[in-house]
Structures are given as structure tokens and as C-alpha cells.
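Shown next, in C-alpha cells, is the structure this report addresses.
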Amino acid sequence: MRGKSIYTAAIIGCGRIGFSLGFDKKREAPASHTMVLLENRRIKIVAGCDTFEDNLELWKKYVKKFNRDVKAYSSTRELLEAQKYDIVVIAVNEDSHLQTALDVIGSKPRLVILEKPVALNTEEGNKIVKAAEENHVPVLVNHERRFSEDYKLAKKYIDEGKIGKLQTVNARLDSGLRVYAKSEEESGAYSLLHDGTHLVDITMFLLEKSSGQKDLLKNMKITSIVRDEEKADVIRNVTANFESEKCPDVNVSISGRSRYFGFEIDVIGTEGRIKIGNGIFDFTRRQQSKLYTGFYSLAADKKIKRPKKTRYFSNMIQNAVDFLDGKAELKSTLQTGMNTLYLLEAMKMRLGE
């Protein structure tokens, strides 16, 4: 593109979120880091690595269609020693985030894109923050819903006062994965961390003030715990209650006993209500009731249309390009990622009491 820089990119981790989810025909495309980088005309993928040879071979064969000279490496060290990159994407499992992030940050790319969560815990997360600060390397955390057009529309609606003062927020995640188990601390294979990070982060995003000032959840209380019937140290359901400056009653519920995957947030105000989530998009406002004389009810706001595409991945990468161009700040940072991690860790500590 004439007059505009092309940014080089490398991907560490060519598995699901790094590559293969891009072939899921039911997901909104692009659905993986590889596919979204290939979509953006300002970015050129020049290298990738994975410890699994089969993953790497499939990835290289596909990306060669777009760049015949793309390089494939079996280790992060080899990839980082080969050349400098503008963007390095870290799409490895949670238990590998810390060391991979420290290695990548030490190589001083212009931008790191780090898959959520920041790390397994706040101790590891703070080490990544310290390394980023010392090396002056910016990090964009892929909490994808912050970039999604439907959630951005919901936040704008809230900030404009369309549903009045917030009364209650109910955020809920349902899956079959255990909510928490101490035995899985080193792997991160529990939903409080794996998908709960999305639920908490987008809840805090919706509660951020329009000025961008953070409205953090505080005064947390665990209001409900359900333990596994056979393994008492395994948590199957949990609900926590928080307060925030913007909303006095915020409830986060995570179920690990469901035979389906559900993700939804219900924001209730004095003048209206928003329900949003996976397959859910419902904006209602106070209007004269069709059922009772002299009463008001909630009815659909017909002015609000569901976006045909959320562009959750595309917007994230465009934010990276705009940041490197000097046109925008990062919209999902190490700080917002750590805010989420601190809250999840506070919940986790209470579960062990």
C-alpha cells in the first residue's frame, strides 16, 4: 500500500486460537490470529513456531499461499533469534504465558499481542508487567469482546444514559468445565480462569466510565458455592457479588455443571435493560404499557439494530495497526488484563476458605 508501512508479524502457537479455529465455518471469520493477520493488508506474517510438528507443518503450508518466504520454527528461541518483528503474537497455553512473554518482551518487538488471560496468576502477571515496563514494550491483551461491535454498542447505550442509572448487572457463564480445582493451578484448566476472564473483563468494560476512567469492582462477597459431589476440592458453581461506582449490585455467576456453553450479561437500569451475550442481543427501554393503563413497561428499542458482523478479531488487529501508526491508544492493555486477573484471584482465594 503506497505511503503506508507494512508491519511484520510472527505467531508463537499455531494451535486452536493461533490457527485452526479459523476453519470453523460456524464462527464469524476471521476466527484465529493467523486468519486475522492475513486479512489485514497492513500486516505480513513472516514467521511462526509451535512445539507440535503437525500443527506447524499445517500452518506453514497454509500461510505459504500468502507469503512463499514464511519461516517456521520449532521453538520460541529460534524464532526470536532469526530476526526482529514489528508484532509478535503469543497464542500458547496459559501455563506457558510467563516464560514465552518474558522471552518475547526481551527481544523488544514494537508490539506484543498476548492471548488472555495475562498469566496463570497475578504473581506471574506482575512479572510480565515489570518486563514490559523495563523494556518499553507495549502489550495488547486479546480480551476480544472489548473490540466487538455489539458490546461497543451496549457500552455506548449505557454511557448515554439510555437505560438510566444502573441498578443491577448479572453476568453469567455456563459450561461443563470445573469452575475451580486447586489441582489445576499449574495448568489453568478451570473455567474461572479460562472463560471467566472474558466474563469479568467485559463486565468491567461495560462499567468503565465514558472518560475511560476505570470503575473497578470492589467489596466482593461469595454468595453461593456448589462443590462436586465426589470431589470436595472441586468447585462446580459459584456466584460472587460486587459493588462499583457505576452500579451498586454486580453479580458474576459461573457454572461448571451445564451441558451447554452459555455467556450472557443482563444490565438493568432505572429506564431500561440490555441483555447481551452469545446469540443474545436485546435492548429495551421504558415506554407506555400496552397492557396496563397508567403504567410503563419495557419494549424493544427499534432504533437499535444488531450488527451484521461483530468484527471482534478484525477490530483488535486494526487497533494494533492504528497504535503502531500513532493514531490510537491500545484498547485492551496489560493494566485492564491485570485488573481482571486480580478480581479472579480474589474470588479464587475465597473459594479455598
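Residue under question is Ala101, and the condition is that it be open to solvent by less than 10 Å² (accessible area, probe 1.4 Å), over 24 Å from Phe23 (Cβ atoms) and not β-branched (Val, Ile, Thr); does it hold?
yes
Inside the stretch 166-180, residues that are open to solvent by 50 Å² or more (accessible area, probe 1.4 Å), in a strand (DSSP E or B) and not basic (Lys, Arg) make up a count of 2. When the stretch 44-71 is filtered for residues that are under 14 Å from Gly18 (Cα atoms) and of a type in the set (A, V, I, L, M), the ones remaining, listed by number, are Ile45, Ala47, Leu56, Leu58, Val63. Being farther than 16 Å from Pro138 by Cβ, among the aliphatic types (A, V, I, L, M) and open to solvent by 30 Å² or more (accessible area, probe 1.4 Å) is true of Ala300.
For the stretch 305-321, give me each residue that is open to solvent by less than 40 Å² (accessible area, probe 1.4 Å) and either among the aliphatic types (A, V, I, L, M) or without any contact (Cβ under 8 Å) to a residue 24 or more places away in the chain (or both).
Looking only at the stretch 305-321, we keep the residues that are open to solvent by less than 40 Å² (accessible area, probe 1.4 Å), and these are 307, 310, 312-317, 319-321.
Passing the criteria: Met316, Ile317, Ala320, Val321.
Could you list all residues from the stretch 105-131 that are under 20 Å from Tyr7 (Cα atoms) and of a type outside the set (D, E, K, R)? The answer is Ile105, Gly106, Ser107, Pro109, Leu111, Val112, Ile113, Leu114. Restricting the stretch 58-74 to residues that are in a helix (DSSP H, G or I), open to solvent by 20 Å² or more (accessible area, probe 1.4 Å) and touching a residue at least 12 places away in the same chain (Cβ under 8 Å), the residue that is farthest from Ile317 (Cα to Cα) is Leu58. Does at least one position in the stretch 326-333 carry a residue that is closer than 14 Å to Ala154 by Cβ and under 25 Å from the mean Cα position of the chain (by Cα)? No, there is no match, as no residue in the stretch 326-333 is closer than 14 Å to Ala154 by Cβ and under 25 Å from the mean Cα position of the chain (by Cα).
Residues in the stretch 271-281 that are touching a strand residue (DSSP E or B) at 6+ places or on another chain (Cβ under 6 Å) and either open to solvent by 60 Å² or more (accessible area, probe 1.4 Å) or assigned to a loop (DSSP other than H, G, I, E, B) (or both) were compared, and the one that is farthest from Glu149 (Cα to Cα) is Glu271. Take the conditions (1) of a type in the set (Gly, Ala, Ser); (2) surrounded by fewer than 17 Cβ atoms within 10 Å (Cβ to Cβ); (3) part of a loop (DSSP other than H, G, I, E, B); Ser183 misses just one of them, which is (3). Listed conditions (1) within 14 Å of Gly18 (Cβ to Cβ); (2) surrounded by 19 or more Cβ atoms within 10 Å (Cβ to Cβ); (3) within 24 Å of the chain's Cα centre (by Cα) are all met by Ser96, apart from (2). Could you say whether any residue in the stretch 144-164 is part of a strand (DSSP E or B) and not small (Gly, Ala, Ser)? Within the stretch 144-164 (the criterion being part of a strand (DSSP E or B) and not small (Gly, Ala, Ser)), the answer is no, since none of the residues qualifies. Quick check on my filter: what residues within the stretch 302-329 are in a loop (DSSP other than H, G, I, E, B), among the hydrophobic types (A, V, I, L, M, F, W, C) and more than 30 Å from Gly272 (Cα to Cα)? Selection gives Ala328 alone. Taking the listed residues Glu115, Glu133, Glu123, Glu160, the one that is of a type in the set (Asp, Glu), crowded, with 20+ Cβ neighbours inside 10 Å and out of contact with any Pro (no Cβ under 8 Å at 6 or more places or on another chain) is Glu115, with no other qualifying. For the stretch 29-55, a residue qualifies if it is open to solvent by 20 Å² or more (accessible area, probe 1.4 Å), in a helix (DSSP H, G or I) and among the hydrophobic types (A, V, I, L, M, F, W, C), and the qualifying residues are Met35, Leu38. Inside the stretch 45-80, residues that are under 24 Å from the mean Cα position of the chain (by Cα) and among the charged types (D, E, K, R) make up a count of 1.
The values are calculated or read from the model by the stated rules, or taken from the named source; none is laboratory data. Predicted, not measured: the structure shown is a model, and the values here were computed from it. Because the Cβ atoms are built from the backbone with ideal geometry, glycine has one as well, and the counts that use them run over all protein chains shown. Protein only, heavy atoms only, side chains kept; ligands, DNA and RNA dropped before computing areas. Shrake-Rupley method; radii C 1.70, N 1.55, O 1.52, S 1.80 Å.
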